[in-house]
Structure formats: structure tokens, C-alpha cells
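The values are calculated or read from the model by the stated rules, or taken from the named source; none is laboratory data. Everything numeric in this text was worked out from a predicted model, so none of it was measured. In this analysis, Cβ positions are derived from the backbone assuming ideal geometry, glycine residues included, and neighbour counts consider all displayed protein chains. Accessible surface is based on the protein model in full, side chains and every heavy atom, while ligands, DNA and RNA are left aside. Shrake-Rupley method; radii C 1.70, N 1.55, O 1.52, S 1.80 Å.
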Amino acid sequence: MTDTTSELVSKESVFQRINWVDLGPFIALAVLVVVGYLINPDFLSPTNITNVVTRATFIGIIAVGATFVISSGCLDLSVGSMAAFAAGAMILFMNWLVPTWGANAIPAGIVFVLCVGALCGLVNGLVVTLGKIEPFIVTLGTMGVYRAFITFMSNGGSIPIDRSLREPFRPLYFGTVMGIPIPVLVCAAVAIVGSFILYKTKFGRRCAAVGANVEVARFSGISVGRIRTLAFVIQGICVAIAAICYVPRLGAATPTTGLLWELQVITAVVIGGTALRGGKGHIWGSLAGAVILEFIANLMVLSDFISEYLVAAVQGVIIIVAMLIQRFSRRS
Amino acid sequence: MEAALEIRSAPPAETAELLRLTGAGKQYGPVTVLRDVNLSIHGGEIHAIIGENGAGKSTLMRLISGHIQPSFGTINYLGEDMAFHGPADAERRGIVLVHQEILLAEDLTVVENLFLGREVTRHGVIDDRTMEQIAIRQLAALGCTARPWQLVRELSIAQRQMVQIARGLLEEHRIVIFDEPTAVLTASEVDLLLDKIRALRDRGVAVLYISHRLDEVEALADRITVLRDGNMIGTYDAGSVTQQDMARLMVGRELSMLYPHKRGTSAADPLFEVEHLSVPGFVHEASFVARPGEVLGFGGMIGAGRTEIFEGILGLRPAKAAAIRVNGKPVQIRSVADGFEAGIGYLTEDRKGKGLLLRERLAPNLVLSALSWLYRKIYTDERIENAELNGAIRRYDIRVRSKKLEAGQLSGGNQQKLLLAKTMLQDPSIVIIDEPTRGIDIGNKSQIYSFIDELVRQGKACIVISSELQELVGLCDRVLVMKDGRITAELRNGDVTENAVVLAATVGSGAVGSREENARDRHHL
């Protein structure tokens, strides 16, 4: 057989692959920082960097969840709509509680939105696993459903947060701890917990096994449906956490909240090094991917090369290029 | 010991030399995987290439068929020194490799697959009728029962293999290379294929034939080239070497008996009882028991329902049974996990597709089924896994250069040992092994057999599903033969013979009787 050959050849390429997939996104990030500085030195000003990184946290937090879903061999297109729906539901819930609970409505709202997110994820997961339907189709459907919900709830307008909650809620986006914006800390916490779950727990191990080869997982006695459903629930919870950080930023939820986030999230995960067909997930790579996307958008604003209206186009191109790189850096 | 076997001179002069390799070899990076091959291939001969896994057989075949370029030496084809630009170039020049792996598009039909990339057209429009006729002829010649417009997805593994072979033979070639063509075929299908190969030879085609089955090689080959560890040991006239010689040349040492001593059927209380199990479309009302201390074999053609019985038992496909009992107690099994719980371990026949995560390292593969009990806390611990891996490597003699390798980088035999270790980690009392030695070399085979022997001697029950007659006969104390989804015969001890198995698998129940008569039905083994 070719055993000897493949052992020897791939020993080298294992080395190369580790470099590429694990470090690739961080190298790209570093290159981007240098390029950004050369284009416009303001890019590296503390204010700008803080702003950009803070903005990247929404996609980053959701991308942590998406890393689980994609690692398990699924896909969730509904995250953007879900984020808008969760944000809207959270605001309505808090506004309803304010007269009786006052500022305590905020923690109650947080608990509530986490439940909403988990429930949305659970719906996605159960329909995918019990219905045995392609995740692409299921979440395409729920993408429409959740988007319609927020449009319905807001009557096509916006759902503003109650005036009395605005001040106490503000710090969740604008506040800092030791100079670090709170959303960044939240995002880091989500990523740390996420990587512990994905890399150090039995669930994480099984999640990657299901994504790598669903048959092997089944024959190994792993409940594929349960693992995938749980991955969707984790995704839902991450979406809810992102919504919590997002609400104080604009103080409202609208039918355009979270538009095209699914594109950015999936792009972040893919450029982070996780294969779209499942298997090993790269949580920190996904975060780097989210920051890369936001850096590029920021650079387009700071430079005059390309109109910033083309941001989505550039992001669309990036995911395609990332897939091409993955395709050609993999051994045949 | 090789000196004892004289290398005979080239075959008679009337057969023209088509291909000559002189000092050919291949190296990857610093490592040479094949060196100094001097080989001459003639039209009208069947030339077998044998060697253990990793001996360089596939590398040699890939050199000849243009998949890779030699690092040293020359390839002379039809009198000219040649460098093929890829397999398509070699194929255009008349050399085709029929791959061991099945490379067909599952969602296309048999005809579409046969003609993929070389569709017959008339005025630029696909000519389905002509292709269909050619396909029907080709399939009939191979005795393949697949229908031309059937989707490949619906075919059995054996039918797929036949379609792949038919594809390789669609056009006339000067040299046809078969890489383990019979690994998934049953005896009667093998017979037809071997006849077809002989017909090719008689038309003047040179056939290169790679196989692990030395009996086939002996029955088929005119000349035999032996490779070992990337070295060419020699080319021998088939008449001058016995199977024992071949095995010894391949391994480079005297092989002790391939099979352990049989234990004889057991009279103990059944450990595992299955009553009236039906798997819709595959198995009809199958009942059997397995007793501790014996190896129970399941024989029959591929597609007779052997694998499906056990996938049904383990909830891997829809099935219903009147009762399934372990140690006399009824059990409900809805998943592989329930099976482990009940003490049943199942090793799939498809170790690459269903058994191991090829791109995952060894330790995570080993403990994948065991996570729930191996770790009492929710998190995993590399030290525990590595300890388990070290134990498995010692216990099952898994040969790895590094423990950081991915499972896909092991040889077939070592993968099979790892899969065995993974299943045995669950400490099952009933071990079901589907095709225990498919595609692995003779040294590893012998080891797997002795592991099976050990575990039944420890009082476990072992069920072996196999397409290899020799394996059933050599290993099993009792054999159940299936035909068309039913168990048609039970053979015990001395009654387990190749003829009896074949007869029960093809004719069905009641046919197992006079062995003299049966002998007529088997010519090649």
C-alpha cells in the first residue's frame, strides 16, 4: 500500500497544516495591522483600535457559538435574525417590567434573553436533528421567521429601550474595566468558556467527532442528534449574549438589526480555520476572523481606495478567498 | 532462503515485452519508499505483485500508471523511455489502473459512471443508447447484476467494485493493473472476474495483479514479483513457488501457522441470543445464539444480510426482533451506546468510513466510545488517554513511529488493531467483528486471529463476519451461512469447509451434504 509513503509525506504536511490553519488567521491579523498603519497611521490610535475591536465583539461572540455548530458539521444562517429578535424580545420584556421592577428589569431581561436565545437554538437544533433536514434549509427558514418576528414586534419601526433604563444599561457597551471595554471582556470570557467546552470536555470531543465523520460517531455510540442540538443551543446562547451587549449601543432594536451578520459570522469562522464541512473547531481563530473583518471595514472607511458602501462585497469576497486557501493548502 | 528459489528466465520469446522498469524507485523527501525495481512486463501474461502492506506495491503501480513520477531509474514502454504526464496520459497510451478504492459518483447511474469523461456522442449529443448497449455487454461479461440505469448509490459494495472494474476494461488497453480487485467480492464473483482476467491475457493484454489472497495469486498468475519493505525481492515463475514460499518471501521469515488452534464448539449456556430478527429489506426472521468460548462465523455473499443483522441489532438501521438476550436477560438496544451497555462491541467492516476518525490523533480515536466512563468529570485529560493508548499499543502490538500520528497515517493493519483496541476498551463480553482482516497483510492478519483466539479463551463470545472462506474455515468453530436475508445453514467443527459454505451461500438450506459433490462447484481454490 501507500502506507509508508503517506506516513512520510504527511508528516511534513501535518507540520505545515498546523502552521497554516492554527496560526494563519493571526498572521493575517498582524499583516493587516501593519498594512493599516501604513495606509493611515490613525488606524493604530488607541481610540480607533478600541472602537473597532469593541464593534467586532458581536460577531466574535456569535462566531464562538458558530464554531460549535460548524464543528459539528452543521450551519446556522439564522444568527443575524435571531440576534435582532432576541434584542427586540429583551427590550419589550424589560420595558414591560420597568414600572414594577425599576432597574432590576435589566438582570431579569438578561436572564430572559438568554432563555430566548437558548430556545431559538433549540428550535433550530430539534428541527435539524429530529426532522432530519439539512441545517442550511432549516436555518434559512428560521432566518425568515425570526426576522419577521422582529419586524412584527416593531411594526416595521424600532423598539426603543425605556428611557429610565438607558443610563443603567449604557455601561454594558460603553463601560470599561481597567481600560478594557466591557464587551471585549465579555467576548473574551465567552471564548475562554467556549474553548474549554470545545477542547476539554467530552461534549467538545464528541462535537468534533460528529463533524469529522458522522458515521464514525454513530458507530462509536455517540448520540449525533443530541450533540448537534446542543451545539445549536450554545449558538443560541451566544447570540443572546451578543444581543445583550448590542442593545445598549443603539438603545433600540429594529428590523435591520443584525442584517447580514450570518455572512460575517460564517466568514469569521471560516477564515479562523474551521472547515465548513465540520471537524476540529478553531475558536480563537474565529475571534481573529471577526476582528479581521472589522479591521478591513474600518480600513475602508479610513482610506479612500474603496467606498465603504462596498464593505459587504469585500467580506463576501473574503469568505470565498478563505475557502480557496483552505482548499489549496490541504493535501490532496 | 530466497536463494533456494531460482529466478526463472523471462517467459517464451513470442510474447512481446511491453514495459520495462530499470532501477526504478521513488523517494519522498529523505525517505525512499521503493528502490531499484527491475521489472519486465510482457503481453499475454498475468503478473502478480505481492507484498505486505507498505512493501511498495501501490507505489509501484502508481509509477507504472503515471500517477507519480519515478525518482530514479527509467520506465521503458514499447521500446521508448517514457515519462507519463499523469494517469490520463498513461491511459491514452494504453495503461490503466483499476483502483482498490471505489471511485464512483454515487448519484450518477451505472452507465454515467462507466462513461464519465468519455461519453459517447453523436453530432455532439450524448448517445445514451450506444452507451447502454456497451454497458450491458460489459456488465454481463463480468456477471455483474447491476442494471445500467441504476444509481451507484443503490448498489452493493461488490456491485460497485464490478462497475469500477468494468470501467477500467471499457476500452482496450495494453496493460491493465488490478489493485486488490477481489477484496470485497464473494467467491462466485471472484471466479467470474478471474475468468475475465484470463480472457484478457489470452487476448495478449498484460495484466498486473495485486492481491493479498495468495490462493488467488497461485491460481491465476503466470509470474509473481515479490516486494518487501520497498525492495524488490524477485520475480518468480508461478509454477516454481507455493503459497508457503510466497508468504515467506513477503514476510522475510518463516510464518507460523496463520490460524490459531480451534477451540471446538461450546456447550455452555448461550451468552447472546437473538430471536426472529428482521431488518426490512435485508434480513428475514434470523435467530441464532452465540456461546462463550467459541468463534461463531457468519458467511454468505455480500448483500446476503450478514452486516445488516448486526447493524439492525445495534439500532443502526430499523429492525425488530422477538427477543434479544444477553446472559439470559432480555435487553433493549436502540443504539451502539446501548449495545456497549449490554456488553456488545461491534467492529465495522468499514474502518475508514465508520470506524476511525482518519484525521484525528490516535488517543482521541481510541477513547471516543469510552468518554462517558473514562472521565468521571466533564473535562478530558490527556494523561489518562495517553496511558490508555500506551496500553493498547502494547496489548495489540500497534506499530507507530509517533503517538502524535493521525489514525489515517497508519497502515491498514495497524488501523485495524487500533479499532480492535477501541472496541475492546469497552470490555464487551460479546465481540462482533465484521471482516476482521479486510485489506491487511498476512503478518497483521495472523495477529488479529490470535487476539480473537485469546478473547474467546477468556470466555467471551466472538462473532466473525467474513467474505473470506479461508478465514471462516480457519478461524471459526461454528459457521452460520446466510442467503437472501435468511440463515440457511449451520456448520460445526469439521463440517466447516469452503465447499459447504459456498453451497449454503449459493443454493441455500438442505444443500449441505455430500462434500464430494460440492467439490465440483469450486474450481479455483
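Some observations on this one:
- Phi-based couplings in Hz for region B:366-378 (Karplus 6.51, -1.76, 1.60; Gly and Pro marked x): 4, 9, 4, 7, 9, 3, 5, 9, 5, 10, 7, 7, 7
- In order through region A:238-248: 3J(HN,Hα) via Karplus (6.51 cos²θ - 1.76 cosθ + 1.60), integer Hz, x for Gly, Pro: 4, 4, 4, 4, 4, 5, 4, 6, 7, 3, x
- Rounded if a/c under 1.5, otherwise prolate or oblate - chain A, Cα gyration tensor axes: oblate
- Amide H contacts under 5 Å for B:ILE233, placed H, 5+ residues apart: B:VAL226, B:LEU227, B:ARG228
- Three-way shape call for region B:162-295 based on the alpha-carbon gyration tensor, with the a/c threshold at 1.5: oblate
- Within region B:184-258, GluC sites (Glu not before Pro) in DSSP loop having at most 10 other beta-carbon neighbours inside 10 Å: B:GLU254
- Residue-averaged [θ]222 nm for chain B, counting only DSSP H segments that reach four residues, each worth -39500 (n - 2.57): -9000 deg cm²/dmol
- Residue mean of other protein chain beta carbons inside 10 Å, B:364-371: 5
- Which of A:PHE85, A:VAL184, A:GLY204, positive extreme of dipole for chain A (C-beta unit charges): A:GLY204
- Interchain or long-range residues, amide H under 5 Å from B:THR380's placed H: A:THR201, A:LYS202
- Burial of 10 Å² or greater, region A:163-205 residues [accessible area, probe 1.4 Å, versus chain by itself]: A:PHE196, A:LYS200, A:THR201, A:LYS202, A:ARG205
- Charge tally around B:GLU471: other residues with Cβ under 15 Å, Lys/Arg +1 each, Asp/Glu -1 each, net -4.
- Computed from the C-beta positions of B:ARG118 and A:THR176 and an R0 of 56 Å, the FRET efficiency is 0.25 to the nearest 0.05.
- Chain A: angle of helix A:24-39 to the longest principal axis, Cα-based, in degrees nearest 10: 60 degrees
- Put the Cα centre of region B:378-412 next to the Cα centre of region A:27-92 and the gap is 38 Å.
- Sites listed here are GluC sites (Glu not before Pro) in region B:75-108 whose DSSP assignment is loop and whose Cβ has at most 15 other Cβ atoms within 10 Å: B:GLU101, B:GLU106.
- Rounded, prolate or oblate (a/c below 1.5 giving rounded, otherwise prolate when a/b exceeds b/c) for the protein assembly as shown by Cα gyration tensor: prolate
- When the chymotrypsin sites (Phe, Trp or Tyr not before Pro) in region B:99-188 are filtered for DSSP coil states and for at most 13 other beta-carbon atoms within 10 Å of their beta-carbon, the remaining sites are B:TRP149.
- Rg over Rh [alpha-carbon atoms, Kirkwood Rh] for region A:32-98: 1.17
- Shielding value for B:324-336 is 1, the average number of Cβ atoms from other chains within 10 Å of each residue's Cβ.
- Carbon plus sulfur fraction of accessible area for the protein assembly as shown, probe 1.4 Å, in percent: 57 percent
- Taking the longest Cα principal axis of chain B as reference, the axis of helix B:412-424 is set at about 10 degrees.
- For chain A: accessible area per residue (Å², 1.4 Å): 44 Å²
- Flagged links, alpha-carbon separation over 27 Å, of A:LYS132/A:LYS200; A:LYS280/B:LYS403; A:LYS200/B:LYS460: A:LYS132/A:LYS200; A:LYS200/B:LYS460
- Backbone geometry of region B:281-298 corresponds, through the Karplus equation with coefficients 6.51, -1.76 and 1.60 at θ = phi - 60°, to 3J(HN,Hα) couplings of x, 10, 10, 10, 6, 8, 10, 6, 10, 10, 10, x, x, 9, 9, 9, x, 10 Hz, x marking Gly and Pro.
- Taking chain B and dividing mean pair separation by its residue count, relative contact order in percent (alpha carbons under 8 Å, at least six apart): 15 percent
- For B:ARG137 and B:ALA88, the FRET efficiency from 1/(1 + (r/R0)^6), where r spans their Cβ atoms and R0 equals 22 Å, is about 0.35.
- Expected 222 nm ellipticity per residue - DSSP helices of 4 or more, -39500 (n - 2.57), all of chain A, to 500: -25000 deg cm²/dmol
- Relative contact order for region A:249-295: 33 percent, from Cα pairs under 8 Å spaced at least 6 residues apart, divided by residue count.
- Once both labels are positioned 7 Å from their Cα atoms along Cα-to-Cβ, the gap between A:LEU260 and A:ASP162 label points is 3.6 nm.
- Close amide H partners of B:SER466, meaning residues 5 or more places away or on another chain with modelled amide H under 5 Å apart, are B:PHE298, B:GLU435.
- Crossing angle, helix A:202-212 versus chain A [Cα axis fit, 0-90 degrees, rounded to tens]: 60 degrees
- Taking the DSSP beta bridges with both ends in chain B, the antiparallel portion is around 55 percent.
- Length-normalised contact order of region B:191-252 in % [C-alpha pairs under 8 Å, at least 6 apart]: 25 percent
- Where labels lie 7 Å past Cα in the beta-carbon direction, separation of A:PHE152 and B:HIS261 in nm: 7.8 nm
- Stretching B:THR130 away from B:GLU101 to a fully extended chain increases their span by 7.6 nm, per 0.36 nm per residue minus the current alpha-carbon distance.
- Cα-based equivalent ellipsoid of chain B: semi-axis lengths in Å, sorted from largest, via gyration tensor: 39, 28, 24
- One Cα centroid belongs to region A:120-137, the other to region B:81-141; the line between them spans 40 Å.
- Taken along the Cα-to-beta-carbon direction at a fixed 7 Å, the label points for B:PHE72 and B:ARG198 span 4.1 nm.
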